[in-house]
Amino acid sequence: MLSFILRRILIAIPTILLISVFVFSLQKLLPGDPVLAMAGEERDPEVIAFLREKYRLNDPIPVQYAHWVGNAVRGDLGMSLRTNQPVLELIGEKLPVTIQLATMAMIFAMGIGIPAGILSAVRKGTVTDYVANVVALSGLSIPNFWLGIMLILLVSVKWQLLPASGYVPFADDPWRSVQVMLMPAFVLGTALAATLMRHTRSAMLTVLTSDYVRTARAKGLSERRVILKHAFRNALTPIVTLSALLFGELIAGAVLTEQIFTIPGFGKLVVDAVFNRDYAVVQGIVLVTAVGFIVMNLLADVAYVLLNPRLRSQT
Amino acid sequence: MSRAATPVTADAISARDPVLDRKPESRVWKKFRSHRSAMLGGVLVAFFVGMAILAPVLPIPDPAATDWGAVRQAPSAAHWLGTDEIGRDVLSRMIWGAQASLLAGVVSVLIAVALGVPFGIVAGYFGGWTDAVISRCTEALLAAPFLILAIALAAFLGPSLTNAMIAIGISATPLFIRLTRGQVLSVAAEDYVDGARAIGLPTRKILTRYILPNILPPVLVQATLTIATAIIAEASLSFLGLGQQPPAPSWGSMLNTAKNFLNQAPWMALWPGVAIFLVVLGFNLLGDGLRDALDPREQ
Amino acid sequence: MTLRHMTLAAALLGATALGAQAQDLRIGLESDPDVLDPDQSRTFVGRIVYTALCDKLVDVTPDLKIVPQLATEWSFSDDNTSITMKLREGVTFHDGTPFDAEAVARNIDRSLTLEESRRKSELASVAGTEVLGDHEIRIDLKEPDATVLAQLADRAGMMVSPDAAEAAGADFGANPVCSGPFKFKERVAQDRIVLEKFDDYWNADEIALDSVTYLPITDTTVRLANLQSGDIDIANRVAATDLKQLEGSDSIDIEQAVSLGYQGITFNVGNGDKGDNPWGNDARLRRALSLAIGRDIINQVVFDGNFRPGNQPFPDTSPWYDADYPLPERDVEAARALLEEAGYGDGVALEVQVPNRPENLQLMQVIQSMASEAGIDVSLTSKEFATMLNDQTAGDFTASQVGWSGRIDPDGNIHQFVTTGAGLNDAGYSNEEVDRLLNEARTLADEGERKALYDQARAILQEEAPIVYLYHDTWITGLDKSVEGFVPYPDGMIRLEGVTLNAD
């Protein structure tokens, strides 16, 4: 087991290094001179030259890369070119926002997706199954940003029920905080609910045809008991593993949702940074997200092996 | 994003032996025909494809013709879906916009397939260092969020529909590398491939005769589902101003403009969104149907 | 007791009852300001925050007269090569440091010498300072410069606490210490900037608010929705097209002021090789495009008639506007004739780069359609603003749809764009006579004499048209009914003196 984990970590290292190369080349790829953007209307050649020097843009690219990676390893992701804030601090500030959004979206998704999936599996082939499937696919097919706009139009502008944008830290005012995030979490959660529903359905179908469910039925247990106690409990493992993975997807999916609802989270930070050519921020965020994603994968793999004794002996 | 849709599992189709399973096509087609939601998806897709192809001959106004006297007018007999911010007919722009969306969906997926499948085959079949390098690159790319990658690439290439397609295509490529590699690995382990190797069939023949036919079905399913994702991605990029450029219409850029007029002209935002939704739903239903039809386990 | 008295009594009662209620003003801005260091910042919205945070040596009135703020009086030397200022006494910075001539000297020195300073061009004519007394200072100029006073009414004239600035260096923006009516409390990037009342402010009687919070809300519709739902009290830059629906609203007031800036099309007439093209070489083509454009139609179609059509660097509300050359009528025939004369009777193509924002694209699509009627085939290349700026500076463009936020002094709207080799002269325009006129205009203190020179330069520029001016934004500010005492300014700043929140 330990050797399996070690091997997975060893494999992750070159991947993370590759990511750092990709992320770094982003800066070289994006058009538009960052120094010009930083200087604004000040075109004094001395100032421009100084800024170029300060952000080490005159160094050869490999030197710049080595410098950046060296600092990143020590936890220094540089400073935002726009606000002069350390990138790590910015990320620390934004992460809780997006995590709250993702968590609420996850709650939505699980609340809708799992029961629908169970129902759909139990009633396989019926109209319920068919309708649930089409509804789920609809959830996957609605463009997030459009759903967001429509909700703002109806709920905020027309009916004035919920605020159209903003963010209140949970610690400041929990009720208000949840209220403000209700719409964006719903928007973000729709696609996820559909995915979860489909996975629950498929996991349940596999379990429902298995021997022990048949045995349980043969013992004369009530169908309700069979489904919830025996079948669902066994189907839960893959669902939970998947949810953990989806959580990472969710954080990435927050990009447009945050843009629409003006939520000061991760996604908005990175999109604004791309448009403002705030390279340090773009690099920092993509790196942190990618590494986070890989760690999540690693944990999911480990959990999967731990939960499946059969696989454990193989590794 | 529908990238997290049910993954096409490697074991689902690979078990098929082309010798034992004599006429798989007719069986597949039968299953597909009886798949109600897949047919619904097919109809939806056909409808929009028809719309895109027929746009030049339909009796609709020029999608770029402006009318300063009729700016942001509500739907009427003259303009069924109203007019936009510079007096163009929204219905006409919707119909022409289908071209951009479908083109973006199909072309970007073709790019992803054309890049991803060969890399996947090479990685899966030859293994070793080649595989290690390709796999690490794939993982690294997959770790960067899809849309952020596409946004950065589109920003790098400059805003245009072609560049958006390239950006989406490249961002979706690792998906196909991983899928193909997995398929190849499982097919290559089959007895009949071992047998073919044993009788000294050249690698090229093994690849074309045994490997390729077996990996195509899941790639086809994944491609159909990815078209759906790609269409949403194109709309997202256009929504951020990085896709189709005016005066040419696209649903995403129509929404980008429309969001500034939500109060005065809500119809501008409604219909392009509905269109995106329906065509994406169509591809998702179609992909699902294909998967079920090609999956020998589902009866 | 008359009704009026009753209301007054009620108001007084209310005032006592609500005495404890905090006056917290929330302002929705169109974007997140950059670093909060007056010497380093470069965004327009940043200046709005400074209006509450950092006092300047001088300020302007709504009709752009320069008035005292931290300097109480000033005078130019006879040859306009130095300014002597008397400074306000009893002013302290937010950290308690007293404000005096020494502080001014150190501030100007910082603007000139801090390596990260973006104020160097603005203060290029300043040679140094001489402290004449505790509250008297002389600013020496390298050459006569009448525009320097207007610079001191903006970021270059903002006074920061010299000790705090020295200690923090380039990181000053993380915790700015100035002397304005409000002091810095906290900032959460992209979310909010909170300022709270500075009790020792020299003009504290005018300040009724306890705190002010700036919230960046990029989307116009969402910003307005927040105002309508009462989540913010002031929405900056309401969309022109949203005004119609707000007419007669019983919860929202609208205030407007024509801005100091302009929007236009800049041609590459001599910035690198790409300037060597028909559009760069032949002014007749540029004039033809200008004639083909109906500026009133643009204003109606794109801005519901709420902006100000324009044909000069200054709006017609400005004293610097040359009234002898009013807004031209659209004349497609004349445009065609000019093209014919230039040898393009069969039509001519023009590529214009434009920022990929809906408003700019809408504007250019209307122009595209107008120009086609005159035989000009306009194609649009939309670019992200950062890319566009880059290409523009590098001379990699034929024409560019770009604007300018505007400056108080007329020089700031024209000199750096059209004089030879000037910092923002992306057109690559060069004309000795224009250089001479605009350089001389800078040195004159008399407004009448200056205007005569600007009028002469305008006549040449109108003929040569390196920049075709289109319109001037109107600052449209949405206010909740509870906000009272707000005065709109052409510089688009939100001044909080006299602004109160009435609970109702």
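Annotations for the structure displayed:
Table: residues versus (1) touching a strand residue (DSSP E or B) at 6+ places or on another chain (Cβ under 7 Å); (2) outside the structural domain of C:Met370 (by TED's automatic domain parsing); (3) modelled with pLDDT of 95 or more.
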| site | (1), (2), (3) |
| --- | --- |
| C:Ile217 | yes, yes, no |
| C:Asn226 | yes, yes, no |
| C:Asp233 | yes, yes, yes |
| C:Leu243 | yes, yes, no |
| C:Gly272 | no, no, no |
| C:Gly280 | yes, no, yes |
| C:Ala283 | no, no, yes |
| C:Gly294 | no, no, yes |
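- Among the residues of the range C:148-182, the ones that are in contact with a strand residue (DSSP E or B) (Cβ under 6 Å, 6 or more places away or on another chain), farther than 30 Å from C:Ala441 by Cβ and not in a loop (DSSP other than H, G, I, E, B) come to 1 in all.
- Restricted to the range B:1-98, the set of helices (runs of 4 or more DSSP H) holding at least 2 residues that are at pLDDT 85 or above comprises B:36-54.
- Scanning the range C:430-453 for residues that are of a type in the set (D, E, K, R), surrounded by 13 or more Cβ atoms within 10 Å (Cβ to Cβ) and farther than 19 Å from C:Ser77 by Cβ gives C:Asp435, C:Arg436, C:Lys451.
- When the helices (runs of 4 or more DSSP H) confined to the range A:174-272 are screened for residues that are within 11 Å of another protein chain (Cβ to nearest Cβ), those reaching at least 3 such residues are found at A:174-208, A:232-261.
- Annotation note: of C:Ala235, C:Ala208, the sole residue that is surrounded by fewer than 22 Cβ atoms within 10 Å (Cβ to Cβ) and of a type in the set (A, V, I, L, M) is C:Ala208.
- Within the range C:232-290, the residues that satisfy the criterion of being within 21 Å of C:Arg495 (Cα to Cα), away from chain B (no Cβ under 14 Å) and not in a loop (DSSP other than H, G, I, E, B) are C:Ile234, C:Asp253, C:Ile254, C:Glu255, C:Gln256, C:Ala257, C:Val258.
- Residue match in the range C:406-416 (condition: touching a residue at least 24 places away in the same chain (Cβ under 8 Å), crowded, with 20+ Cβ neighbours inside 10 Å, touching a helix residue (DSSP H, G or I) at 6+ places or on another chain (Cβ under 9 Å) and among the acidic types (Asp, Glu)): yes
- Residue tally, condition buried (at least 24 other Cβ atoms within 10 Å of the Cβ) and over 11 Å from A:Leu30 (Cβ atoms), over the range A:265-275: 6
Residue by residue, here is whether (1) surrounded by 24 or more Cβ atoms within 10 Å (Cβ to Cβ); (2) more than 25 Å from B:Trp271 (Cβ to Cβ) holds:
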| residue | (1), (2) |
| --- | --- |
| B:Gly200 | no, yes |
| B:Arg204 | no, yes |
| B:Ile211 | no, yes |
| B:Pro218 | yes, yes |
| B:Gln222 | yes, yes |
| B:Ala228 | yes, no |
| B:Ile231 | yes, no |
| B:Ser238 | yes, no |
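- Residue within the range C:367-383 that is at pLDDT 90 or above and touching a Ser or Thr at 6+ places or on another chain (Cβ under 6 Å) present: yes
- In the range A:124-147, the residues that are modelled with pLDDT of 90 or more and surrounded by fewer than 24 Cβ atoms within 10 Å (Cβ to Cβ): A:Ile142, A:Leu147
Residue by residue, here is whether (1) closer than 19 Å to C:Phe417 by Cα; (2) of a type in the set (A, V, I, L, M, F, W, C) holds:
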{"site": "C:Thr443", "(1), (2)": "yes, no"}
{"site": "C:Asp446", "(1), (2)": "no, no"}
{"site": "C:Glu449", "(1), (2)": "no, no"}
{"site": "C:Arg458", "(1), (2)": "yes, no"}
{"site": "C:Ala465", "(1), (2)": "yes, yes"}
{"site": "C:Gly478", "(1), (2)": "no, no"}
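- Residue in the range C:298-313 that is of a type in the set (A, V, I, L, M) and touching a strand residue (DSSP E or B) at 6+ places or on another chain (Cβ under 8 Å) present: yes
- Residue under evaluation B:Gly87, criteria (1) under 18 Å from the mean Cα position of the chain (by Cα); (2) on the phi > 0 side of the Ramachandran plot, criterion not met: (1)
- Helices (runs of 4 or more DSSP H) lying entirely in the range B:101-191 (those with 3 or more residues that are more than 10 Å from every other protein chain (Cβ to nearest Cβ) and either closer than 30 Å to B:Leu281 by Cβ or of a type outside the set (Asp, Glu) (or both)): B:128-143, B:161-188
- The residues listed here are C:Ala394, C:Ala427; of these, the one that is within 25 Å of C:Arg118 (Cα to Cα), surrounded by fewer than 22 Cβ atoms within 10 Å (Cβ to Cβ) and in contact (Cβ under 8 Å) with a residue 60 or more places away in the chain is C:Ala394.
- Which listed residue is surrounded by fewer than 21 Cβ atoms within 10 Å (Cβ to Cβ) and either of a type outside the set (Gly, Ala, Ser) or in contact with a strand residue (DSSP E or B) (Cβ under 8 Å, 6 or more places away or on another chain) (or both), from B:Asp89, B:Asp62, B:Asp84: B:Asp62
- In this entry, A:Arg43 is excluded by the filter for residues that are within 13 Å of chain C (Cβ to nearest Cβ) and either small (Gly, Ala, Ser) or in a helix (DSSP H, G or I) (or both).
To keep it simple, each residue is scored yes or no on (1) farther than 29 Å from A:Arg198 by Cβ; (2) surrounded by 20 or more Cβ atoms within 10 Å (Cβ to Cβ); (3) at the interface with chain A (Cβ under 10 Å from one of its Cβ atoms).
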site: B:Asn260; (1), (2), (3): yes, yes, no
site: B:Pro272; (1), (2), (3): no, yes, yes
site: B:Leu278; (1), (2), (3): no, no, yes
site: B:Asp288; (1), (2), (3): no, yes, yes
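- Count of the range C:329-356 residues, restricted to those that are surrounded by 16 or more Cβ atoms within 10 Å (Cβ to Cβ), assigned to a loop (DSSP other than H, G, I, E, B) and of a type outside the set (A, V, I, L, M, F, W, C), is 4.
- One residue alone among A:Leu57, A:Leu81, A:Leu77 is in contact with a Phe, Trp or Tyr (Cβ under 7 Å, 6 or more places away or on another chain) and in a loop (DSSP other than H, G, I, E, B), and that residue is A:Leu81.
The values are calculated or read from the model by the stated rules, or taken from the named source; none is laboratory data. Since this is a predicted model, take the numbers as computed values, not measurements. Quick reminder, even Gly has a Cβ in these numbers, built from the backbone with ideal geometry, and neighbours come from all protein chains shown.
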